Amino acid sequence: MAKSLAHEFFKGFWQEIPPFRLVLGICPMLGVTTKIQFGIGMGIATTFVLVCSNILISMLRNLIPSKVRIACFIIIVATFVTVVELMMQAFTYGLFKQLGVFIPLIVVNCIVLGRAEAFACKNSVIMSTADGLGIGLGYTLSLAAIGSVRELLGAGTLTVWGDPILNLSSIFPGFEPFVFTVQAPGAFMILGLMLCAMNMVGKK
Amino acid sequence: MGDYIVLIISCIFVNNILLAQFLGNCPFFGTSKKMETAIGMGMAVVFVLVLGGAMTWLTYEYLLVPLKLVYLRTIVFILVIAGLVQFVEMFLKKNMPALYAGLGIFLPLITTNCAVLGACVINIDKEYNFMQALVASFAFAAGFGLALVLFAGIRERILLARVPKPLQDTSIALITAGILSLSFFAFKGMA
């Protein structure tokens with residue numbers, strides 16, 4: 001039991017890491033990752049919604065009639081998204097403004113609905129919590145990874161909440177920021193190239 | 001009139017919903033492998049987005065604002081869209097079987113298409129009036145269809161090319177989308 005619980009938790013980090021392995025939830029992946037901190041913020045918001053909705057759905061899984069289950073899932077997810085929206089407006093207003101339309105869009109993020117359909121409505125509460133936490137943290141990790149690559153190449157620095165933690169131009173004098181990576185076309189290309197790199201490493 | 005032309009051009013090309021705003025990318029990659037499915041999806045989005053844009057705008061302005069329930073926007077919008085999709089599906093099945101056969105499988109998918117919800121939220125955030133919201137919804141949907149059909153055409157060609165193994169499938173699709181996005185980027189100065 002303990003082993004499979006750990007399995008459900010850790011599969012989100014490599015085996016089924018979204019959006020690389022499961023090609024879901026690409027929109028926020030491309031839209032908000034111009035800076036590493038936006039990626040982390042978005043990831044944490046998604047994780048919160050994912051864990052809460054997984055818990056509630058698996059608690060109610062025997063009560064929800066299977067014919068209207070998708071509608072029920074959407075309402076549950078939308079409720080938690082509204083909670084996140086209100087909390088972010090209260091505590092992290094700047095980040096909320098930056099992420100903009102992508103916060104209400106967590107409702108239609110395929111990862112959240114996908115986990116509800118594929119996992120939470122079939123498994124126990126504890127397992128679903130582990131699954132939601134694992135996939136959520138994996139998603140946060142990949143958002144942060146893409147955000148750091150794009151910010152590092154595009155601006156030459158890596159800033160987390162106002163503290164520059166890395167500055168490329170001090171390591172390589174004469175480094176010119178590669179602005180392409182923080183613009184729209186660069187987002188697609190960086191994600192494509194990272195996926196390619198992961199395929200090369202993870203070759204069976 | 002001129003304002004509306006600027007709005008249309010900006011929504012189709014400059015702020016293309018797929019390639020510049022990154023909304024609705026899951027169906028963009030999911031349904032672009034074949035031209036036929038791409039056209040079906042594009043038409044279904046145009047249909048639902050125009051209706052949905054109008055409905056959500058009216059709901060927001062005449063229901064949520066007077067009742068001071070603006071914070072329930074996300075829940076109400078997704079319910080309106082889900083209900084609308086369901087209604088459209090039943091209506092088409094009964095009255096226009098030919099169109100239903102064409103759009104059929106794509107309609108249920110649209111509820112979770114973030115381009116639809118996203119465009120509705122953008123209409124409200126930018127404080128468009130009803131006419132502007134309607135035009136913007138149509139233009140966003142047209143931009144979605146245009147990008148999807150172009151992309152499907154390119155992907156059909158890629159099938160014939162020899163792609164290195166690690167780049168195959170999603171990876172090459174993303175890089176192609178990047179190049180397509182680059183060509184839409186050229187409209188940036190227009191509006």
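Charge tally around A:S128: other residues with Cβ under 14 Å, Lys/Arg +1 each, Asp/Glu -1 each, net +1.
Checking the Cα-Cα distances for B:K68/B:K188; B:K34/B:K188; A:K35/B:K188; A:K122/B:K94 against a 31 Å cut-off, the pairs over it are B:K68/B:K188; A:K122/B:K94. Under 18 Å of direct C-alpha separation, and excluding same-chain neighbours fewer than eight residues apart, B:K93 reaches no aspartates and glutamates at all. For chain A, the longest principal axis of the Cα atoms and the long axis of helix A:36-59 meet at an angle of about 10 degrees. Of the peptides A:99-111, A:188-200, the order by per-residue mean of other Cβ atoms within 10 Å, starting with the highest, comes out as A:99-111, A:188-200. The share of C-alpha pairs in region A:119-204 whose separation exceeds 21 Å stands at 50 percent. With a Förster radius of 41 Å applied to the beta-carbon distance between A:V201 and B:Y71, the computed FRET efficiency rounds to 0.40.
As an exercise, identify the GluC sites (Glu not before Pro) in region B:72-171 lying in DSSP coil whose Cβ has no more than 16 other Cβ atoms within 10 Å.
B:E127
Relative to the longest principal axis of the Cα atoms of chain B, the long axis of helix B:130-158 lies at roughly 20 degrees. Kindly express, to the nearest 10 degrees and within the range 0 to 90, the angle between helix B:35-59's C-alpha long axis and the longest C-alpha principal axis of chain B. The two axes meet at around 20 degrees.
Taking every Cα-Cα distance in the protein assembly as shown and sorting them into 10 Å bins from zero, the calculated P(r) comes out as 5, 22, 33, 28, 11, 2, 0 percent. In region A:2-147, Rg over Rh equals 0.96, where Rg is the alpha-carbon radius of gyration and Rh the Kirkwood radius from pairwise Cα distances.
Considering only Cα atoms, the convex hull volume of chain B works out to 128 Å³ per residue.
Since every read-out is calculated from the coordinates, none of them should be taken as a lab result. Quick caveat: nothing in here was measured; it's all calculated off a predicted structure. With ideal geometry, Cβ positions are generated from the backbone for all residues, glycine too; neighbour counts draw on all protein chains shown.
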